[in-house]
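Participant: Encoded as structure tokens, here's the structure I'll be asking about.
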Amino acid sequence: MDSERGEKIARAFSDVFEKLAFMFAEPAEKAELPDDPGDAVLARMRFSGHWRGTLELAVPADMCPEIAANVLGLEPDDETAETRGPDALKEVLNVTCGSILTTLAGDQPVFDLSVPEVLTLEPEGWKELLDSEESLAFTVDEHAVVLRFRQQ
Amino acid sequence: MAYNILVVDDSETVRAVIKKTLSLAGVEVGTLYQAGNGQEGLEALKANWIDLVFADINMPVMTGIEMVERMASDGMLKTVPVIIVSTEGSATRIEQLKSAGVSAYIRKPFTPELLRKVVDEVMGARHG
């Protein structure tokens, strides 16, 4: 990925995570991230209109309740945080997508965004995502996170 | 003055965030109704007295834009102000929404202060 584009995407992502989930996303070298993070999930959505493509966000499964707790102002062990974890992750992805598209394309083009989905991510899937040229690696409050922005 | 408010979003998390942020912003809420898509939103609007609607754009079954268009063609519902809450940042899209009858647009993530400011502007304009 072009380094300037990568920096813009990373900045947009970090900004969203901080403002929405009060968590600090730091860009990382891919080699620093594990090839197998254990149980992981993938949030994914599509965009179309001015550009077409997908945005994917892979995180360890145990990070989702933490995201939900932060977004909703709950204790991490609150049952609501556990059940709302995937939904909170989808919302982080949703807001990130809007932010990245505006950052890269400006505020005039119109995009249509799909409803995000969350899937279980097998170790092979995590590795494929991590190795992809279009992905970026982060540590978010000590969790390994991978983001992939694909423009067709 | 307390407002009956409808929040239309397919994300439970977002509905909870809007509810919490309304409270933090000091907006007096009478009854808070919730709907998971535009169709459910229309049903809630027809069944209850609602003063203000917050709606997302991208939802399954019926989008926020479709819901607003249906409201605009209904004699009673066209008077209910709608604030779109979305991730999209396109100025073109915002103009499209306002042409369709949307009263205001808030981009996520948003602060309680911004939410309060927009509610005051929309409801203040409504009451003249």
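All of the numbers you see were taken from the coordinates with simple rules; none came from a lab. The shown structure was predicted, so the numbers you read here are calculated from the model rather than taken from an experiment. FYI the Cβ positions are ideal-geometry reconstructions off the backbone, even for glycines, and counts take in every protein chain you see.
Participant: Taking the residues in the stretch B:95-112 that are farther than 19 Å from residue A:111 by Cβ and over 13 Å from the mean Cα position of the chain (by Cα) as candidates, determine which candidate is surrounded by the most Cβ atoms within 10 Å (Cβ to Cβ). Break it down into steps so the answer makes sense when it comes.
Facilitator: Filtering the stretch B:95-112 down to residues farther than 19 Å from residue A:111 by Cβ leaves B:101, B:103-104, B:110-112.
Narrowing the set further to residues that are over 13 Å from the mean Cα position of the chain (by Cα) leaves B:110-112.
Values: B:110: 18, B:111: 13, B:112: 15.
Going through the qualifying residues, I end up with B:110.
Participant: Still on this structure, please answer the following. State the number of residues belonging to the stretch A:4-22 that are surrounded by fewer than 18 Cβ atoms within 10 Å (Cβ to Cβ) and more than 13 Å from chain B (Cβ to nearest Cβ).
Facilitator: 6
Residues are listed down the side, and each one gets a yes or a no for (1) touching a Lys or Arg at 6+ places or on another chain (Cβ under 9 Å); (2) of a type in the set (S, T, N, Q); (3) surrounded by 17 or more Cβ atoms within 10 Å (Cβ to Cβ); (4) more than 11 Å from every other protein chain (Cβ to nearest Cβ):
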residue	(1), (2), (3), (4)
A:52	yes, no, no, yes
A:59	no, no, yes, yes
A:63	no, no, yes, yes
A:80	no, yes, no, no
A:83	no, yes, no, no
A:88	no, no, yes, no
A:94	yes, yes, yes, no
A:106	no, no, no, no
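Participant: Only one residue in B:53, B:102, B:68 is touching a Leu at 6+ places or on another chain (Cβ under 6 Å) and under 25 Å from residue A:95 (Cβ atoms), so which one is that? If you could, list the steps in order and put the result at the bottom.
Facilitator: Details: B:102 fails: touching a Leu at 6+ places or on another chain (Cβ under 6 Å); B:68 fails: touching a Leu at 6+ places or on another chain (Cβ under 6 Å).
On inspection, the qualifying residue turns out to be B:53.
Participant: Right, another one. Just to verify a result, which residue in the stretch A:128-150, among those that are surrounded by fewer than 16 Cβ atoms within 10 Å (Cβ to Cβ) and over 18 Å from residue A:62 (Cα atoms), is nearest to the chain's Cα centre (by Cα)?
Facilitator: That would be A:150.
Participant: Taking helices (runs of 4 or more DSSP H) that fall entirely within the stretch B:1-117, which contain at least 3 residues that are within 11 Å of another protein chain (Cβ to nearest Cβ) and not hydroxyl-bearing (Ser, Thr, Tyr)?
Facilitator: B:12-24, B:91-99
Participant: Which condition from (1) under 17 Å from residue A:118 (Cβ atoms); (2) buried (at least 20 other Cβ atoms within 10 Å of the Cβ); (3) in contact (Cβ under 8 Å) with a residue 24 or more places away in the chain; (4) more than 9 Å from chain B (Cβ to nearest Cβ) is the one that residue A:71 breaks?
Facilitator: Tallying (1) under 17 Å from residue A:118 (Cβ atoms); (2) buried (at least 20 other Cβ atoms within 10 Å of the Cβ); (3) in contact (Cβ under 8 Å) with a residue 24 or more places away in the chain; (4) more than 9 Å from chain B (Cβ to nearest Cβ), residue A:71 fails exactly one: (4).
Participant: Tell me the strands (runs of 3 or more DSSP E) entirely within the stretch A:60-152 that contain at least 1 residues that are under 23 Å from residue A:35 (Cα atoms) and in contact with a helix residue (DSSP H, G or I) (Cβ under 8 Å, 6 or more places away or on another chain).
Facilitator: A:117-121, A:135-140, A:143-151
Participant: Out of the stretch B:7-44, which residues are over 20 Å from residue A:84 (Cβ atoms) and surrounded by fewer than 23 Cβ atoms within 10 Å (Cβ to Cβ)?
Facilitator: B:25, B:26, B:27, B:28, B:29, B:30, B:31, B:39, B:42, B:43, B:44
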